[in-house]
Amino acid sequence: MAKIKKYTIGVDIGGTNMKAVLFNGEKTVMNYSLGTPKDTISHMLIMIKALIDPLLEKAEADKVRVSGIGLSVAGAHDFNHHKIAKSPNLPLLDGVKLAEQVHKTMKMPVKMDNDANCFVRAESLIGAAKKFNNVYGIIISTGIGGGWWLNKKIYRGAHGGAGEPGGMVMDFTDTIKLEEAYQRLNQNNSLNMATEAYRGDVLAQRSYEEIGRLLGTACANIVNMVDPEAIVIGGGTVKSSDLFFPEMKKEMTKYIMSPIAASKVKLLKGKLGNDAGAIGAALLVN
């Protein structure tokens, strides 16, 4: 008897845009995006439905059942109570049980996780890190997020807050955290800084080299603590990774304590691009 085909839908809710994918378990069948509303929850739900409806129409045309929806939302999640504890880019979602609200709107099963967890889930299952069982994922974009994939699931820690590197203190003199240092170096505009670096601006190139050293030190700290097989890097800044990856690898190797780990831990670039978060959300639905 032939296996029944099914699709899942993944939605990645960012501070500026929302992306959705129709996913068949192996690849994206269709994707769609809309701007993210920031005024009210009711408007957010209307726009999420508008984002999902074209994918449902495609599934109906393909005569394939959609088994559920996964949501990827940046921020700290309260996994015990199935709500977003604090969203840095979308404060209107603070304390909201968004999966429950979307379930009521769309009348199908809905699961939710944060964006970094969704990213590392996707890259570990079908992307750059699929050969490994112990993977640490870092998103470098507007901010810095992270997640740890261990033995085919996300390691959340005792309170659901494991895997976040952005709060790592990098300078104890001024108590500067990793994300703050990164923002200072790229002047809160990584795209502009990368453009200047590619044009030959020496100061911009040096800033990216310093970003590489900063991220390499952070990755070494991560390796020293959890010893993953691989670290996979994603987010918009990876498009300009040639500006900082060499310094990042050098600094990471320098500060890893175990010579075995220093020689064996892989530093990878994500393969799934801008759809990684949405694909990771779709993979929440079994």
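The values are calculated or read from the model by the stated rules, or taken from the named source; none is laboratory data. Just so it is clear, the model here is predicted, and its values are computed rather than measured. Here Cβ is always computed from backbone atoms with ideal geometry, including for glycine, and neighbour counts include all displayed protein chains.
Take the residues of the stretch 116-161 that are in a strand (DSSP E or B) and among the β-branched types (V, I, T): which is farthest from K269 (Cα to Cα)? That would be I154.
Restricting the first member to the stretch 200-220 and to residues that are under 16 Å from G143 (Cα atoms) and modelled with pLDDT under 95, and the second to residues that are part of a helix (DSSP H, G or I) and of a type in the set (F, W, Y), the beta-carbon pairs closer than 7 Å and six or more apart or on different chains are I211/Y182; G212/F245; L214/Y182.
I need the full set of residues from the stretch 268-286 which are polar (S, T, N, Q) and assigned to a helix (DSSP H, G or I), in order please. Passing the criteria: only N274.
Find the strands (runs of 3 or more DSSP E) located wholly in the stretch 1-100 whose residues include 3 or more that are of a type in the set (S, T, N, Q) and surrounded by 21 or more Cβ atoms within 10 Å (Cβ to Cβ), and list them. So the answer is none; nothing clears 3. When restricted to residues that are closer than 19 Å to V238 by Cβ and part of a helix (DSSP H, G or I), the stretch 168-200 contains 16.
Just one of the numbered conditions (1) of a type in the set (A, V, I, L, M); (2) in the same structural domain as I52 (by TED's automatic domain parsing); (3) over 19 Å from G280 (Cα atoms) is not true of M108: (3). Out of the residues in the stretch 178-236 that are of a type in the set (K, R) and more than 19 Å from E251 (Cα to Cα), state the one that is nearest to the chain's Cα centre (by Cα). That would be R184. Candidates in the stretch 130-176 are the residues that are small (G, A, S) and in contact with a Pro (Cβ under 9 Å, 6 or more places away or on another chain); of these, the one that is surrounded by the most Cβ atoms within 10 Å (Cβ to Cβ) is G145.
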